[in-house]
Amino acid sequence: MKKIYYLLCGFIITLKINAQDKLTLSGYVKDASNGEGLIGVSIYVQEAKVGTQTNVYGFYSITLDKGSYTISTSYIGYAKQTIKIELSSTNITRNFELNEDSQILQEVVVSTKKEDDNVKSLEMSVNKVDIKTIQKMPALLGEVDIIKSIQFLPGVTTVGEGASGFNVRGGNIDQNLVLLDEAPVYNSSHLFGFFSVFNPDAVKDVKLYKGGIPAQYGGRVSSILDVRMKEGNSKKLEVNGGIGTIFSRISVEAPIVKDKGSFIVALRRSYIDILAKPFLNNELRDSKFYYYDFTAKANYRINEKNNIYLSGYFGRDVFGADFGFNWGNATTTFRWNHVFNNKLFLNTTVFYSNYDYALGTQRRDPNARDSFNWQSEIINYSVKPDFSYYLNPKNTITFGGQATYYEFKPGLATAKSAGEVRTFGAPSKFAAEFAGYIANEQKISNKLSLQYGIRYSYYQYLGKADAYNLEAPNGTADRRKVLSITPFGQNKVIQDYGNLEPRFALNLGLGSNNSLKFSYNRTAQYIHLLSNTTASSPLDVWTPSSNNIKPQIADQVALGYFYNFKDNNYESSVEVYYKDMQNQIDYVRGADLLLNPAVEADLLFGKGRAYGSEFYIKKNKGKLNGWISYTLARTERKIDGLNRGEWFAARIDKTHNLAVVGIYDLNKKWSFSSNFTFFTGTPASFPTNKYIIQGIAIPHDYYDERNTYRISNYHRLDIAATLKPTKKIFKKGQGEWVFSVYNVYNRRNAFSEYVRQNPDDPSKTEAIRYAVFGSVIPAVTYNFKF
């Protein structure tokens with residue numbers, strides 16, 4: 001480690017010597033209408049032919065020789081600004097406020113990045129979908145959904161309609177790190193996966209990293225979904241909202257001190273329970289089935305060098321009558337931005353995240369003779385400093401670290417029968433994770449740019465807990481025996497792991513409008529979601545790496561060709577990737593994953609691999625725009641004890657995945673949009689024969705193989721129309737009607753297909769196709785803004 005330290009110090013000193021006799025221009029770029037910091041704005045110096053981009057807080061810095069320069073800003077949807085500056089004796093701070101381009105606003109824009117950013121930037125395997133585009137896409141029951149919208153991007157899938165989460169390049173849903181203002185969200189869905197937890201009125205930016213993951217990110221092996229909340233309008237009061245078919249939402253944002261601080265609060269609630277109550281009988285009259293979420297954020301600029309932010313999310317789903325369950329996420333994030341000088345920027349993040357669920361009797365009467373309650377929870381606390389050092393126009397160094405403490409409560413149940421109380425379940429588990437990283441983005445020449453870095457993560461599985469010593473794997477799919485149990489005291493290290501995670505990306509310009517990109521990243525994951533159902537459910541359990549569960553490791557390489565044409569109005573790309581995964585988890589026959597203190601004995605381990613090609617073409621501007629994406633891919637597992645130890649299709653494998661999104665802006669009043677998606681049915685396991693025992697048919701798989709069949713292919717078309725009346729609401733507000741139809745041609749897509757006993761004749765079996773939606777679903781939503 002000392003050699004690495006001295007090497008890095010020498011490298012930085014050499015670069016600093018080359019940076020002498022230069023001055024720095026820095027500042028923030030914000031939206032002139034609301035004071036929001038703008039992410040990814042291009043700052044270009046015409047005379048030096050160099051440029052930079054704003055970071056996620058709107059901050060930029062560029063170092064130049066002394067002299068006179070013409071500085072221009074570029075950001076799709078906003079008018080360009082050009083200024084003259086004189087760098088003569090001191091560094092200069094210059095803030096920009098950009099106005100929206102009225103001409104461009106008359107058209108639909110499906111990107112807010114620089115026009116040729118996909119060709120010129122180092123980023124590959126990265127998708128950014130503008131929130132304004134997401135709001136125009138057709139959605140189930142008219143509810144704008146971030147998670148569903150990213151499933152129209154290449155390499156992103158789901159196991160079926162209504163499934164929670166999403167899968168990226170062959171990864172399970174727990175292999176995606178979903179961040180809301182840098183705090184992890186462990187269950188990103190409401191209503192069993194039909195809607196996401198993100199209120200679109202409070203979201204500012206959505207970015208998905210499928211590969212080429214920067215060194216500052218870690219903890220998951222497949223992807224990073226980075227969702228940034230709005231900061232609130234620092235200029236004036238603004239109210240947004242919508243009234244939908246089964247839910248409504250509202251957000252309020254306003255200055256705390258004009259141009260210095262602001263806040264936003266946003267609330268959503270479904271009201272299916274209220275609408276249904278008159279139609280329920282007496283037994284169901286007290287039923288509860290709804291969800292809600294509350295999102296809030298405040299920020300304040302202390303001075304030119306210090307800004308603070310405080311944000312939070314609190315959401316919950318509630319279902320059931322006398323017996324039911326509920327689940328929800330809670331996050332709190334505090335961030336401090338500090339500008340040490342014109343070159344060094346610091347963001348320090350402290351966050352708390354909690355996901356919990358409860359199952360049992362809804363009426364908590366302490367005098368009741370019979371009751372049942374079951375609770376599970378995962379809590380983590382973290383601190384994360386991130387530094388950006390803008391050394392010169394050709395080198396931007398990032399470095400920092402993170403420390404995270406985990407508390408897992410897999411499940412504790414209390415049952416009362418005839419007044420007798422019994423408590424059982426799995427005890428709490430504890431873990432700590434530490435990481436440090438350093439990376440450099442370097443422009444070698446006008447045609448060649450590099451990004452290289454290293455991340456080191458160190459993990460500890462801590463007491464107070466019992467360590468289960470299991471018999472060695474025997475190559476079968478049977479539960480392993482517990483040989484002994486060793487108790488460990490509070491904060492004693494039971495097992496630790498460390499991993500180096502190198503990151504590398506390259507951009508080779510082949511011309512003014514096309515480039516070749518390559519990336520490699522290694523990632524490590526120390527916490528795992530245990531689920532052996534068709535799709536993840538709110539009752540699934542998170543568990544840490546231990547003496548029996550090794551961290552998951554993934555190595556991914558990707559190669560891509562990027563090409564823009566017709567003056568950057570169209571962008572296209574082709575990417576191929578290969579991902580090798582270690583320590584993948586599967587399950588023994590009849591695995592008991594809930595309330596099981598020895599759950600590790602029910603797990604199987606092996607390897608995984610995912611490879612494929614992604615094709616993408618997008619039209620960025622004009623009356624008619626959108627994109628087409630197609631993915632050809634395979635996802636496979638090789639698990640000791642399953643399928644004779646050979647490679648087999650993973651449950652999330654989909655050979656073909658096609659998505660088409662179209663948006664047409666007819667005039668100032670009417671716009672139309674449509675989505676079409678097609679993908680191969682997911683693998684499934686079916687019996688090969690059956691036994692008749694005492695007149696009862698028992699299905700049986702003679703070969704004892706998993707995922708050798710596939711369910712039916714999936715395809716669906718959705719449409720929407722948006723009407724914007726010219727008449728103002730109360731002489732100042734704007735309103736719009738959104739009419740949508742989900743599943744236009746009434747396709748009964750299979751969520752699962754399985755074989756069961758015939759309920760009328762148990763000596764026979766029958767095949768069942770289960771579809772979540774079996775009809776056309778229309779919806780009307782009214783949105784407003786003041």
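The values are calculated or read from the model by the stated rules, or taken from the named source; none is laboratory data. Because the structure is a prediction, the values reported are computed rather than measured. When we count neighbours, we look across all protein chains shown, and the Cβ atoms used for this are built from the backbone with ideal geometry, even at glycine. Calculation scope for accessible area: heavy atoms of the full protein, side chains included, ligands and nucleic acids excluded. Shrake-Rupley method; radii C 1.70, N 1.55, O 1.52, S 1.80 Å.
A compact table of results
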item	result
Across Lys22/Lys443; Lys66/Lys447; Lys148/Lys260; Lys148/Lys443; Lys30/Lys120, pairs whose alpha-carbon gap is larger than 29 Å	Lys148/Lys260; Lys148/Lys443
Per residue value of the accessible surface for the stretch 464-575 (all protein chains in place, 1.4 Å probe), Å²	44 Å²
Average projected area [Cα convex hull, the stretch 289-366], square nanometres	7.0 nm²
Residue-averaged 222 nm ellipticity for the chain, from DSSP H runs of 4+ at -39500 (n - 2.57), nearest 500	-1500 deg cm²/dmol
Mean separation of Cα contacts under 8 Å (6+ apart) over length of the stretch 430-582, as relative contact order %	19 percent
Full-stretch length increase - Tyr381, Lys732 - with 0.36 nm per residue and alpha-carbon distance subtracted	122.0 nm
The stretch 172-307 - share of DSSP beta bridges that are antiparallel (%, nearest 5)	90 percent
FRET efficiency estimate (nearest 0.05) - Cβ-Cβ, Leu595 to Asp761, R0 45 angstrom	0.80
Partner aspartates and glutamates for Lys566 [C-alpha distance under 12 Å; skip if fewer than 8 residues away on the same chain]	Glu115, Asp116
Ellipsoid equivalent to the chain - semi-axes via the Cα gyration tensor, in Å	44, 32, 27
Leu448 long-range amide H proximity, modeled H, under 5 Å	Gly509
With Cα atoms, 0 to 90° folded angle of helix 2-18 axis to the chain main axis	30 degrees
The stretch 725-786: relative contact order in percent, alpha carbon pairs under 8 Å with at least 6 residues between	45 percent
Ratio of the Cα radius of gyration of the stretch 692-737 to 2.2 N^0.38 Å, where N counts its residues	3.00
Net lengthening on full extension, Lys22/Ala403 (0.36 nm per residue, minus Cα-Cα)	133.5 nm
Computed label-point distance, nm, for sites Tyr703 and Tyr561 using a 7 Å Cα→Cβ extension	3.8 nm
Set of lysines near Lys464 by C-alpha distance (under 24 Å), chain-local residues within fewer than 8 positions excluded	Lys409, Lys429, Lys481, Lys492, Lys550
Separation of the Asn474 and Arg769 label points, Cα + 7 Å toward Cβ, nm	4.2 nm
All lysines inside 22 Å of Lys668 as judged from Cα atoms, apart from same-chain residues fewer than 8 positions distant	Lys132, Lys136, Lys619, Lys621, Lys623, Lys724, Lys727, Lys728, Lys731, Lys732, Lys785
At R0 = 56 Å, FRET efficiency that the Cβ-Cβ distance of Asp65 and Tyr754 yields, to 0.05	0.20
Accessible area of the chain belonging to carbon and sulfur atoms, whole % at 1.4 Å probe	57 percent
Histogram of C-alpha separations across the stretch 232-273, 10 Å bin width, %	31, 36, 22, 10, 1
Residue-span extension gain [Ser287 to Thr93] - 0.36 nm each, minus C-alpha spacing	63.9 nm
Relative contact order of the chain, pairs being alpha-carbon contacts under 8 Å that are 6 or more residues apart, as %	11 percent
Packing-based order for 296-309, 716-729, using average beta carbon neighbours within 10 Å, highest first	296-309, 716-729
